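Enquirer: Here it is, the structure, as structure tokens.
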Amino acid sequence: MRLDLAHILRWIDPGSRVLDLGCGDGEFLQLLRDQRQVRGTGLEIDDDMITAAVSRGLNIVEQNMDEGLSNFPDQSFDTVVMAHALQAVHYPDKVLDEMLRIGRQCIVTFPNFGHWRCRLYLGTRGRMPVSRFMPYHWYDTPNIHFCTVRDFEALCYNKGIHILARDVVGNTQRQPVLAGTWPNLFATTAIYHITR
Amino acid sequence: MNTSTDSQSVGIVTPQIARFDQPLLLACGRSLPGYELVYETYGELNAQCSNAVLVCHALSGHHHAAGYHAGDDKRPGWWDECIGPGKPIDTLRFFVVSLNNLGGCHGSTGPSSTNPETGKPWGPDFPALRARDWVHSQALLADRLGIDCWAAVIGGSLGGMQAMRWALEYPDRVKHCVVIAAAMKLSAQNLAFNEVARQAIVSDPAFSEGYYQERGTLPAQGLALARMVGHITYLSDDAMANKFGRALRSGTLDQGSDGDVEFQVQSYLRYQGNQFSGSFDANTYILMTRALDYFDLAREYGHDPVAAFSQATCSFLVMSFSTDWRFSPARSREIVDALIAADKPVSYFDIDADGGHDAFLMPIPRYLTAFSAYMQRVGDEA
């Protein structure tokens with residue numbers, strides 16, 4: 001299981017209603033159903049991912065977040081999750097607003113562009129970073145809105161979004177301490193538990 | 001053509017007839033004294049009677065959904081792409097029931113049947129039907145077959161409307177509701193096309209106010225015209241362009257043609273119309289289009305689809321097709337949105353297909369794969 005998903009799991013109440021935006025093949029929703037007895041719905045746009053998720057017996061709605069989420073009523077889910085998709089949507093700020101309208105609480109994870117490797121790559125080569133975690137070129141990447149840990153927290157501050165908890169994933173064994181202390185430098189993935 | 005070598009066919013099937021002698025009270029206030037339903041079944045009902053699937057047909061459909069009636073039949077049942085061993089509605093797992101709706105013209109009691117009170121064909125005096133009447137009669141057939149609860153009720157187009165009505169009328173008798181290329185009610189444009197079709201029929205002098213059977217006439221021309229109009233709405237602009245384009249059947253574009261038929265699409269529509277008028281009953285067509293016109297899922301729930309779906313206890317699968325303009329993806333999304341707002345489990349797929357409304361009958365890989373994946377779950381929960 002992806003590390004960020006293991007972190008999120010503990011913030012989900014048993015038996016609650018969860019909306020997973022960009023649910024992929026449904027791995028996380030299945031985990032929530034099997035371990036937390038969650039009633040989940042997933043949003044996805046990739047045909048093969050949808051089929052894979054449906055094969056797990058999950059409820060999947062084919063819908064593009066960039067075209068809005070207005071069909072989901074206010075406060076209709078306990079938790080709205082968006083894992084590794086914030087950087088790929090057209091209007092991340094608007095999607096965050098919508099998530100917080102639909103869910104009592106939300107969980108967002110994203111790759112931290114402030115990580116020292118990104119900074120080093122850009123600083124020394126003068127080019128957009130390409131790595132194992134960010135395998136695309138600037139012109140063909142689906143990740144059109146990269147941000148850093150500090151960028152995200154500044155947005156939350158400006159929007160009056162309350163950060164309930166922050167968690168980070170580093171990329172080696174000894175970095176949890178570093179990533180916890182200096183997340184903007186050492187976190188590869190940032191995980192936020194937020195509410196209004 | 002031949003079934004014996006096709007491992008994905010249900011093979012030769014024989015229709016059966018269920019006779020009901022208890023009067024059926026209809027939505028219109030009248031009641032049908034007694035009636036027959038013709039149906040087919042595919043697969044085996046399991047010991048718990050928990051693997052039964054009901055297939056509801058669309059406007060011009062019937063009970064013969066899969067397999068062949070005889071070894072030399074040219075074409076299999078109308079939904080053979082989706083029903084059979086290893087197909088989405090897998091007959092190795094499910095016991096599939098497919099019937100001809102009441103009011104039909106393929107063996108179930110309808111306008112061309114004899115009215116026991118007069119000894120003459122019902123004709124235009126056959127009672128008006130609503131989708132709920134079909135659902136009630138289907139429930140009585142389920143009783144007859146020993147099926148308390150369907151693993152799934154499935155339908156495309158008008159069949160999808162019946163499936164939704166099932167979910168509201170008999171919530172404890174449906175576990176999954178599969179709604180394909182349907183809508184919660186018709187738009188003004190839909191109503192308009194149906195009206196053109198009906199006018200084509202009634203303005204044919206041979207229609208004889210609907211008493212054509214008694215008078216020995218046949219409104220073949222009107223029925224063919226009705227089908228031609230309907231058929232245009234089943235296809236997409238793209239599908240027609242790909243299939244016919246502006247290809248000519250005779251003559252040249254420079255000088256036109258002295259012949260009757262010029263463009264290929266004309267020939268195709270006439271063929272479809274003539275085929276249909278030879279196998280369908282005009283009064284049934286009028287009755288079915290009226291049932292379609294008056295279908296409005298949420299009318300009795302204060303016109304609130306969310307309140308309507310709050311009655312349901314089943315899970316839903318909704319599917320639409322990108323080029324369907326008769327019941328467009330937007331109509332399906334209305335269903336999905338109401339289900340979400342009603343906190344019902346729902347999956348929705350919008351299938352990219354150029355086949356228009358008729359795409360639901362076609363072997364489109366993504367459609368069959370996604371449909372199969374969902375039916376796998378239905379089987380697991382049965």
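Enquirer: May I ask you to list the aspartates and glutamates whose Cα is less than 13 Å away from that of A:LYS94, ignoring any residue fewer than eight positions away on the same chain?
Expert: A:ASP66, A:GLU67
Enquirer: For every other residue with a beta carbon closer than 10 angstrom to the beta carbon of B:HIS303, add +1 if it is Lys or Arg and -1 if Asp or Glu, then tell me the sum.
Expert: Here the count lands on -1.
Enquirer: Sticking with this structure for a sec: Counting GluC sites (Glu not before Pro) as exposed when in a DSSP loop with at most 16 other beta carbons within 10 Å, what is the longest stretch of chain B free of them?
Expert: My reading of the result: B:118-382 is the longest stretch.
Enquirer: Cross-link partners among aspartates and glutamates for B:LYS120, C-alpha distance below 18 Å, same-chain residues fewer than 8 apart left out?
Expert: B:LYS120 reaches B:GLU36, B:GLU209, B:GLU214, B:ASP281.
Enquirer: What ³J(HN,Hα) values, in whole Hz, does the Karplus curve 6.51 cos²θ - 1.76 cosθ + 1.60 give for region B:17-26 when θ = phi - 60°, with x put for Gly and Pro?
Expert: Going residue by residue, I get 10, 10, 9, 10, 9, 6, x, 10, 6, 9 Hz, with x marking Gly and Pro.
Enquirer: May I ask you to derive the FRET efficiency for B:GLU300 and B:TYR271 from their Cβ-Cβ distance with R0 = 35 Å, giving the value to the nearest 0.05?
Expert: According to the calculation, E is roughly 0.25.
Enquirer: Just grab the label-to-label distance for A:ARG104 and A:VAL177, each label 7 Å out from Cα along the Cβ direction, in nm (one decimal).
Expert: My value for the distance between the label points is 3.8 nm.
Enquirer: Would you mind checking which residues have amide H under 5 Å from A:ASN112's amide H? H placed 1.01 Å from N; only 5 or more apart, or other chain.
Expert: Distant-sequence amide H within range of A:ASN112: A:THR189, A:ALA190.
Enquirer: With a Cα-only, solvent-free Debye model of chain A, what are the log10 I(q)/I(0) values at q = 0.13 Å⁻¹?
Expert: Log-scaled intensity ratios, in q order: -0.70.
Enquirer: Need one number: % antiparallel among DSSP beta bridges in chain B, to the nearest 5.
Expert: Bridges in chain B are about 35 percent antiparallel.
Enquirer: Could you give the radius of gyration (one decimal) and Dmax (whole number) of the Cα atoms in chain B, in Å?
Expert: Computed over the Cα atoms of chain B, radius of gyration and Dmax are 20.7, 69 Å.
Enquirer: Send over the semi-axes of region A:1-43's equivalent ellipsoid, whole angstrom and largest first, taken as the square roots of 5 times the C-alpha gyration tensor eigenvalues. Kindly include the intermediate steps, with their values, before the conclusion.
Expert: Values: eigenvalues 38, 33, 14 Å².
They are 14, 13, 8 Å, listed from largest to smallest.
Enquirer: GNM on chain A, C-alpha springs below 10 Å: top fluctuator among A:ARG39, A:ARG56, A:ARG104?
Expert: Of the options given, A:ARG56 has the highest mean-square fluctuation.
Enquirer: Treating the angle as unsigned and between 0 and 90°, give the value, to the nearest 10°, between the Cα long axis of helix A:92-102 and the longest Cα principal axis of chain A.
Expert: 30 degrees
Enquirer: Give a residue-ordered list of calculated ³J(HN,Hα) values for region B:109-125 (Karplus: 6.51 cos²θ - 1.76 cosθ + 1.60, θ = phi - 60°; whole Hz; x for Gly, Pro).
Expert: 4, x, x, 8, 7, 7, 6, x, 6, 10, x, 10, x, 4, x, x, 8
Enquirer: Can I ask one more? Determine the relative contact order of chain B: mean sequence separation of Cα pairs under 8 Å and six or more apart, normalised by residue count, in whole percent.
Expert: Working: 803 pairs, mean separation 65.8, N = 382.
In percent, rounded to a whole number, it is 17.
Enquirer: Something else: Return the whole-Å distance between the Cα centroid of region B:303-382 and the Cα centroid of region B:14-67.
Expert: 23 Å
Enquirer: Roughly how much of B:VAL196 is accessible, in Å² to the nearest 10, using a 1.4 Å probe?
Expert: Counting only protein heavy atoms, B:VAL196 exposes about 80 Å² to solvent.
Enquirer: What do you get for the angle between helix A:27-36 and the principal long axis of chain A? Use alpha-carbon atoms, 0 to 90 degrees, nearest ten.
Expert: Taking Cα atoms only, the helix is inclined about 60 degrees.
Enquirer: Report relative contact order for chain A in percent, whole number only (criteria: Cα-Cα under 8 Å, sequence separation at least 6).
Expert: This gives 20 percent for chain A.
Enquirer: Under 1.5 on a/c is rounded, so check that first for region A:110-196, then, if it is not, pick prolate when a/b is larger than b/c and oblate when it is not; a ≥ b ≥ c are the square roots of the alpha carbon gyration tensor eigenvalues.
Expert: Here region A:110-196 falls in the oblate category.
Enquirer: List the residues, sorted by chain then number, that are 5 or more residues from A:LEU164 or on another chain and whose placed amide H is less than 5 Å from its amide H.
Expert: A:HIS193, A:ILE194, A:THR195
Enquirer: Just tell me the longest site-free run in chain B, where the sites are trypsin sites (Lys or Arg not before Pro) in a DSSP loop having at most 16 other beta-carbon atoms within 10 Å.
Expert: B:75-245
Enquirer: Let me ask something else. Using protein chains only and a probe of 1.4 angstrom, how many square angstrom of A:TRP182 are accessible, to the nearest 10?
Expert: Estimated to the nearest 10 Å², A:TRP182 gives 140 Å².
Enquirer: So which residue, out of B:PRO363, B:PRO15, B:PRO116, gets the largest mean-square fluctuation from a GNM of chain B using Cα contacts under 10 Å as springs?
Expert: Fluctuation is largest for B:PRO116.
Enquirer: Got the relative contact order for region B:178-261 handy, in percent, Cα pairs under 8 Å and 6 or more residues apart?
Expert: RCO, region B:178-261: 21 percent.
Enquirer: On a 0 to 90° scale, report how tilted helix A:116-125 is relative to the longest principal axis of chain A, with both axes built from alpha carbons and the result rounded to the nearest 10.
Expert: Tilt relative to chain A: about 50 degrees.
Enquirer: Related question: Net charge within 10 Å of A:ILE107 by Cβ-Cβ distance, Lys/Arg positive one each and Asp/Glu negative one each, not counting A:ILE107 itself? All intermediate terms of the calculation are to be shown ahead of the outcome.
Expert: Values: positive: none; negative: A:ASP4, A:ASP20, A:ASP167.
Value of the local net charge: -3.
Enquirer: Please list the non-local residues whose amide H lies under 5 Å from the amide H of B:VAL13, H modeled 1.01 Å from N, same-chain partners needing a gap of 5 or more.
Expert: B:TYR68, B:HIS69
Enquirer: Something else about it: Roughly speaking, what is the stretch gain from A:ASP74 to A:HIS145, that is 0.36 nm per residue apart minus the C-alpha to C-alpha distance, in nm to one decimal?
Expert: Result: 23.0 nm gained on full extension.
Enquirer: Mind checking which lysines have their Cα closer than 16 Å to the Cα of B:LYS74? Skip sequence neighbours fewer than 8 apart in that chain.
Expert: B:LYS74 reaches no qualifying lysines.
Enquirer: In the neighborhood of A:PHE72, defined by Cβ-to-Cβ distances under 12 Å, what is the net charge if each Lys or Arg adds +1 and each Asp or Glu adds -1? Working shown, then result.
Expert: Numbers: positive: A:ARG17, A:ARG101; negative: A:ASP74, A:GLU98, B:ASP337, B:ASP343.
Summing Lys/Arg as +1 and Asp/Glu as -1 gives -2.
Enquirer: Determine ³J(HN,Hα), in whole Hz, for all residues of region B:347-364 in sequence, where each value follows from phi through the Karplus function 6.51 cos²θ - 1.76 cosθ + 1.60 and θ = phi - 60°; x replaces Gly and Pro.
Expert: Result, rounded to whole Hz: 10, 9, 10, 9, 7, 6, 7, 9, x, x, 4, 5, 4, 5, 9, 9, x, 8.
The values are calculated or read from the model by the stated rules, or taken from the named source; none is laboratory data. In this text, all values refer to a predicted model and were calculated from it rather than measured experimentally. Note that we place each Cβ from the backbone using ideal geometry, even for glycine, and neighbour counts take in every protein chain shown. Side chains are part of the model used for accessible areas, which takes the heavy atoms of the whole protein and leaves out ligands, DNA and RNA. Shrake-Rupley method; radii C 1.70, N 1.55, O 1.52, S 1.80 Å.
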